[in-house]
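Here's the structure, in structure tokens; my notes come after.
The values are calculated or read from the model by the stated rules, or taken from the named source; none is laboratory data. Everything quoted here is computed from the prediction, not taken from an experiment. Glycine gets a Cβ as well: all are built from the backbone with ideal geometry, and neighbour counts include every protein chain shown. All accessible areas refer to the heavy atoms of the entire protein, side chains included, with ligands and DNA or RNA removed. Shrake-Rupley method; radii C 1.70, N 1.55, O 1.52, S 1.80 Å.
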Amino acid sequence: MSVVPFSDSIALVCLVAALVVLLMTPACARSVGATFKYSLAGALALLVFVSLSNVLEHAGITTALDAYEDYAEVLFVPLVAYILLGRSMTEQLEAAEAAEEQTRREHALLMSVVDTAPSSILVADSEGNVWFANDEARRYVEQPGDGASMVLVPGLRPVIARAVEAAPVRIVRRWAMLDGAERWFSISATRLTSSSDGGDHAVVAFQDVTERVAAEAELEEYREALEEQVDRRTSELLELNRQLTDANKTGQRLLANVSHEFRTPLNSIIGFTDLLLGETSGPLNAEQRRQLGFVNASGNQLLTIVESVLELARVEAGRGAVSLSVTELGHTVRDVVNPIGIIAEDRGITLTCVCEAAVTVWADVDKLGQIVRNLVTNAVKFTDPGGVVEVRLVVEVEEVLIQVADNGIGIAPEDQKRIFEAFEQVDRADRARVSGAGLGLSICRDLCGLLGYGLSLESEPGMGSTFTVHIPFEPDMAPTLVGETE
Ligand code: ADP
């Protein structure tokens, strides 16, 4: 009986093991990846077997494995081919699986976006059959049970048909629902170009905007009511304004009439007291003269006020047409200032007129004279004895200035605007009230406006004031230096 050497037994076991592994692997392997691993193990086993056989043969231990070595070598080649093929197939399958997984994830994301969108989104054909509807849209889609879904909002069908057959649709419409309730929808529908069966589908996004429309309608109602209220208030104000203007005109007329009526008796009072003071009716004692002097002075003061009121009423009524003539400005100003010099002298005030600049202007001599007279009278009135009042004529590039400057009591900044209003005077608690009705500056302002002149004031309490009349170089009334006129 021949005994198989121990080493031969090992080699035989190796070969059998390699073959078993090789045969069993596809059956056991659950995946292509596992098949690949087992096949590799089989190939390695064959390699080990062939190597072992050769080692045993060269070591002179046994040649018993030679017979099986050829089988192993024959098996090794297809096995390697199988491994390579399997590897490549595995890679391809893995790539396909990854792509499929990616697609699945993207689809899931898309579906969750579409489903959670605040708008209703559906794909339907022109018959109203719905092929896809997101969660929101499902509320408007009926499921009859036979698999076909129908759009529940009847008005949507023609919109879908229009989008399929013509152009994209974007509308806001009110529709009656199947339950009878009327609701507003904002809809946009577009033909689905990627539709697999010829493109007669449309993708429709719509939103129930009933609450928004109701809020807008309410807002519109408010707006209209507000507009109506504003219109009503405006016409009430216009009416009130008209009434006020009428009342103002009536008041001015009344004031003018009353002032006018005052003038005659006042002139009598002044005239007769003048006569009495002139002692044409007999001698007066000292006390009688003193008292008659009061009456005369008060009468004159009252007459000045009455004249001012009448003048203001005339200017504000736009009466007293402007009568322009070529006027030598320095001459006009001097004519006004000189008579006031006597009053200034009486009060111990130095009044000077620096009006040498020879300028001719187109001017209304009376009105310009009145402006200058009021300003100079005020300057004398509001300057303490020993003070100085200077009237200046200044020729500038674009205008001629008449400045009336004093170093009198001055005007506080907060009063500088209001003193140009009628009957406004600065309260002077520390001083005796100076005669006047608070109309002089108001008349100056109105006359300047009428003539197209500017009137400005610079003043500092305790330091004095400078009132400036600005006569612009306008084509019609352009001042020209004497000698340049033709
Ligand atoms: P009236 O002189 O009759 O009071 P005006 O309209 O001419 O009225 O002047 C208004 C007020 O402006 C005066 O009462 C006075 O307080 C103030 N005012 C006018 N001119 C001067 C001036 N040159 N210096 C100081 N105060 C003045």
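Residue selection: Leu110 satisfies the criterion of being within 28 Å of Phe185 (Cβ to Cβ) and either open to solvent by less than 70 Å² (accessible area, probe 1.4 Å) or free of Cβ contacts under 8 Å to residues at least 40 places away in the same chain (or both). Within region 252-271, restricting attention to residues that are free of Cβ contacts under 8 Å to residues at least 12 places away in the same chain and of a type in the set (A, V, I, L, M), the residue that is least open to solvent (accessible area, probe 1.4 Å) is Val258. Only residues that are among the small types (Gly, Ala, Ser) and surrounded by fewer than 19 Cβ atoms within 10 Å (Cβ to Cβ) were counted in region 380-404, giving 1.
Listed by first and then second residue, the pairs with beta-carbon distance under 9 Å, at least 6 apart or on different chains, first residue in region 404-422 and in a helix (DSSP H, G or I), second within 8 Å of the ligand (Cβ to nearest atom) and of a type in the set (A, V, I, L, M, F, W, C), are Asp415/Val426; Arg418/Val426; Ile419/Ile411; Ile419/Val426; Ile419/Leu441; Phe420/Leu441; Phe420/Cys444. Exactly one residue out of Leu75, Leu84 is in a helix (DSSP H, G or I), open to solvent by 60 Å² or more (accessible area, probe 1.4 Å) and not basic (Lys, Arg), and it is Leu84.
Taken over region 441-467, residues that are outside any strand (DSSP E or B), within 12 Å of the ligand (Cβ to nearest atom) and open to solvent by 40 Å² or more (accessible area, probe 1.4 Å) amount to 4. The set of residues in region 347-382 that are small (Gly, Ala, Ser) and at pLDDT below 90 comprises Ala357, Ala358, Ala363. Here region 357-379 is the region considered, the condition is being away from the ligand (no atom under 16 Å from the Cβ) and open to solvent by 40 Å² or more (accessible area, probe 1.4 Å), and the residue that is farthest from Gly449 (Cα to Cα) is Ala358.
A single entry from Ala286, Ala297, Ala256 fulfils the requirement of being within 22 Å of Gln425 (Cβ to Cβ), of a type in the set (A, V, I, L, M, F, W, C) and over 60 Å from the mean Cα position of the chain (by Cα): Ala297.
Among the candidates Val404, Val389, single out the residue that is within 8 Å of the ligand (Cβ to nearest atom), at pLDDT 95 or above and closer than 16 Å to Ile349 by Cα.
Numbers: Val389 fails: within 8 Å of the ligand (Cβ to nearest atom).
Sole residue among the options that is within 8 Å of the ligand (Cβ to nearest atom), at pLDDT 95 or above and closer than 16 Å to Ile349 by Cα: Val404.
Scanning region 341-352 for residues that are buried (at least 20 other Cβ atoms within 10 Å of the Cβ) and not small (Gly, Ala, Ser) gives Ile349, Leu351. Taking the criterion of being within 16 Å of the ligand (Cβ to nearest atom) and open to solvent by less than 40 Å² (accessible area, probe 1.4 Å), the residues of region 272-311 that qualify are Leu303, Val306, Ser308, Val309, Leu310, Glu311. Close Cβ contacts (under 6 Å, 6 or more residues apart or on different chains) running from residues in region 237-251 that are closer than 23 Å to Leu310 by Cα to residues that are in a helix (DSSP H, G or I) are absent.
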